[in-house]
Amino acid sequence: MKKWIFLAPLVLILVWQAYEQLPIGPRIRVSKETTHLTEPLAPDGLPDYSGALLAELREGVTPENNGALPYLQAMWPAELEAEHQAPLCQELGMQVPQAEGVASPQDDELLQRQVEEWLSGEGESAVGKERRRETFFTLIQRQPWEADQAPQVAEWIDAHREQYDLLHQAVSRPRFYCPSPTFLTDPDARWIDMQLPTVQCMRNAARCLAVRANLLAGQGDFEAAWRDCRAIYEFSDRLESTTIVERLVSYALEGLANEVALGILGEERLGGETAAQMLAFYQPRLPHNDLVAAMDTGERYCFITSVLAMSRQRLPGGPLDDGQATLSPTAARRVNWNVVLALGNELYDKLIAANKLEDRDARDQAFDRFGDELDALFEEDLVSVAAAQVSRGARSRLIGRRLLSLLLPAINAANAAQDRRNIYRQLMPVAAALAVYRAGHGEYPDTLQPLMPVLLAEPPTDLFHAASLIYRRTGNGYLLYSLGDNQRDDQGCHALYESYAGYPTQSRMRIRGWDEAVVELLGLQDAPNLYDEEGHGPYFNIPSDADDYAVRMPVVTIDLPQPPGDTNPHKD
């Protein structure tokens with residue numbers, strides 16, 4: 001009897017270890033703590049994440065009020081794969097378009113060849129031809145130009161008037177419902193695998209509008225130019241906040257629209273009426289946080305649906321590969337996936353709570369604490385790895401940590417992009433008000449005070465600190481900027497975005513002659529130490545941690561490349 005008393009603990013340990021290794025893990029429990037979404041349920045008994053999102057997005061949408069229909073007609077096939085075209089059109093209540101839409105000028109192969117042949121000189125290298133063509137298309141997208149400087153592009157724009165009209169119809173409709181085709185063809189797919197072709201194609205629509213807006217501005221039709229520019233903003237606003245990818249595309253579209261708008265606002269011929277229309281558009285566009293919704297839905301469900309696939313309790317419609325499920329069916333059943341899901345939801349709750357904080361300092365401190373917690377959580381030692389070999393709970397926590405290390409979004413980068421969007425929402429109304437003032441007085445004011453209260457209700461406050469934006473009148477324009485996150489006056493420089501005194505530099509623009517144009521605008525031709533002893537440069541002194549966000553007038557413009565021997569006054 002005594003022998004069995006001594007052996008009993010050992011037997012219990014062996015039985016427990018054997019049980020822990022058995023492939024009989026519990027089913028995933030539907031709850032707020034695990035699956036987060038609790039209804040509706042799919043046939044497998046787990047939440048129908050795709051169905052819930054589609055039901056929310058399509059509510060109140062009809063073919064008549066949905067701007068996605070004319071958008072798709074304008075851009076068809078809008079980067080959709082062949083197998084996705086009919087399901088998406090059926091979901092939207094439209095016929096599959098039979099005619100191809102427009103590509104952006106940069107993606108139209110025929111237009112690219114025509115321009116390259118037009119620009120090429122006899123005996124010019126292939127590299128030289130490509131560089132001139134790329135410079136040409138970069139410039140027509142970012143600055144005003146005239147038809148005789150780019151006749152092929154002007155003809156291309158005229159030939160696609162129907163598609164441009166459709167793009168304007170798209171933004172004139174009150175709703176814009178164009179879901180990922182992945183939700184329609186494979187509702188059980190991991191959200192991290194969702195395809196967003198129509199979202200990515202919206203960049204092409206924006207480029208089309210930017211090129212025509214710049215042509216119209218170059219020809220002096222500023223009202224029409226602003227109409228095209230405003231359409232870019234409206235496309236940006238119509239992107240859903242389901243995922244961070246959609247938010248980043250939205251920010252990129254708004255950034256392109258800002259660039260085009262500044263080209264319009266900088267035109268000396270711009271009248272006060274159009275400038276006032278632009279000001280009225282910008283004034284209600286306030287900074288706001290739209291990343292929370294993307295994190296709470298799209299990013300959280302990217303994690304959860306990935307866990308469901310790895311658990312093999314829900315399998316995507318397509319074949320599984322190593323990138324979709326890295327555990328064998330037997331190994332997957334040795335994990336308690338409820339532990340994995342609960343760990344993930346706890347971290348997403350903390351991440352979202354930190355991002356909801358309106359006070360910037362408090363938010364930054366919360367993110368610092370969150371980062372420290374992640375560092376501690378993701379640190380693995382021999383004990384935790386060894387425990388995972390014998391304990392289902394330890395094994396589940398280890399897998400959860402590893403999954404989170406792969407799937408948690410790069411929130412710092414996303415927040416930086418949102419901050420950039422938001423600070424320009426403070427800068428653009430001031431730039432428009434300054435354009436209105438110049439139209440009425442013939443020059444910019446020496447301070448911002450004359451703009452108030454008629455054009456601006458109150459002094460614009462810097463997003464990053466409780467003080468006014470910096471405004472400096474220059475000889476032929478002005479420099480307007482925010483001090484950025486470091487709250488230090490870097491004279492309008494930004495290291496990450498490679499800008500100096502409010503102007504982007506050649507290292508960012510990748511256009512030959514750009515820095516020389518900046519030097520001329522700044523009057524730095526005789527500045528010491530700008531060029532080295534061999535004449536190389538200019539070398540701008542941008543502090544490594546500079547982070548000012550700036551608007552500078554006049555904007556930089558570069559003569560478009562022209563054919564060899566062309567007498568056009570704008571020739572390269």
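Within the range 420-465, which trypsin sites (Lys or Arg not before Pro) sit in a loop by DSSP and count at most 13 neighbouring Cβ atoms inside 10 Å?
When the trypsin sites (Lys or Arg not before Pro) of the range 420-465 are filtered for loop state and at most 13 Cβ neighbours within 10 Å, nothing remains.
Cα axis of helix 360-378 to longest principal axis of the chain: angle in degrees, 0 to 90, nearest 10?
Approximately 40 degrees, to the nearest ten.
Report, to the nearest 10°, how far helix 82-92 tilts away from the longest principal axis of the Cα atoms in the chain, using its own Cα long axis and a range of 0 to 90°.
That helix lies at roughly 90 degrees to the long axis.
Compactness ratio of the range 125-213: Cα Rg over 2.2 N^0.38 Å, N = residue count?
It is 1.47.
Would you mind calculating the relative contact order of the range 209-288 from Cα pairs under 8 angstrom and at least 6 residues apart, reporting the percent as a whole number?
30
Indicate, rounded to the nearest 5 percent, the antiparallel portion of the DSSP beta bridges found entirely in the chain.
Counting only bridges with both partners in the chain, antiparallel ones make up about 95 percent.
Of the peptides 87-97, 553-563, how do they stack up when ordered by the mean number of other Cβ atoms within 10 Å, highest first?
Final packing ranking: 553-563, 87-97.
In µm²/s, what is D for the range 460-559 at 25 °C and 0.890 mPa s, where D = kT/(6 pi eta Rh) by Stokes-Einstein and Rh is the Kirkwood radius from Cα pairs?
This corresponds to a translational diffusion coefficient of 174 µm²/s.
Set Lys and Arg Cβ to +1 and Asp and Glu Cβ to -1, take the dipole of the chain about its Cα centre, and tell me which of G45, S250, V436 lies farthest positive.
G45
With 10 Å bins from zero, work out the P(r) of the range 40-178 over every alpha carbon pair and list the percent per bin.
In whole percents, the pair-distance histogram is 10, 29, 26, 19, 11, 5, 1.
Report, in debye and to the nearest 20, how large the dipole of the range 121-191 comes out about its Cα centre when Lys and Arg carry +1 and Asp and Glu carry -1 on their Cβ.
360
May I ask which residue of L522, Q200, P445 lies farthest towards the positive end of the charge dipole of the chain, with charges of +1 (Lys, Arg) and -1 (Asp, Glu) on Cβ and the Cα centre as origin?
So the residue we want is Q200.
Could you sort 49-56, 229-236 so that the peptide with the highest average Cβ count within 10 Å comes first and the rest follow in order?
Final packing ranking: 229-236, 49-56.
Pairs of alpha-carbon atoms within less than 8 angstrom and 6+ residues apart define the contacts here; what relative contact order does the range 426-572 have, in percent?
22
Scale the Cα Rg of the chain by the rule-of-thumb value 2.2 N^0.38 Å and send over the ratio, two decimals.
In units of the 2.2 N^0.38 Å rule of thumb, it is 1.16.
Just tell me which aspartates and glutamates come within less than 12 Å, Cα to Cα, of K129; anything on the same chain fewer than 8 places away is out.
Here the aspartates and glutamates satisfying the reach criterion relative to K129 are E116, E117.
Using helices alone, I'd like the mean residue ellipticity at 222 nm for the chain: each DSSP H run of four-plus residues gives -39500 (n - 2.57), total over residue count, nearest 500.
Per the formula, -17000 deg cm²/dmol.
Can you pull out the GluC sites (Glu not before Pro) in the range 519-566 that DSSP calls coil and that have at most 16 other Cβ atoms within 10 Å?
Listed in order of number, the matching sites are E533, E534.
Computed from the coordinates by the stated procedures, all read-outs in this text should not be read as laboratory data. These numbers were taken from a predicted model, which means no experiment stands behind them. Neighbour counts run over all protein chains shown; Cβ positions are idealised from the backbone, glycine included.
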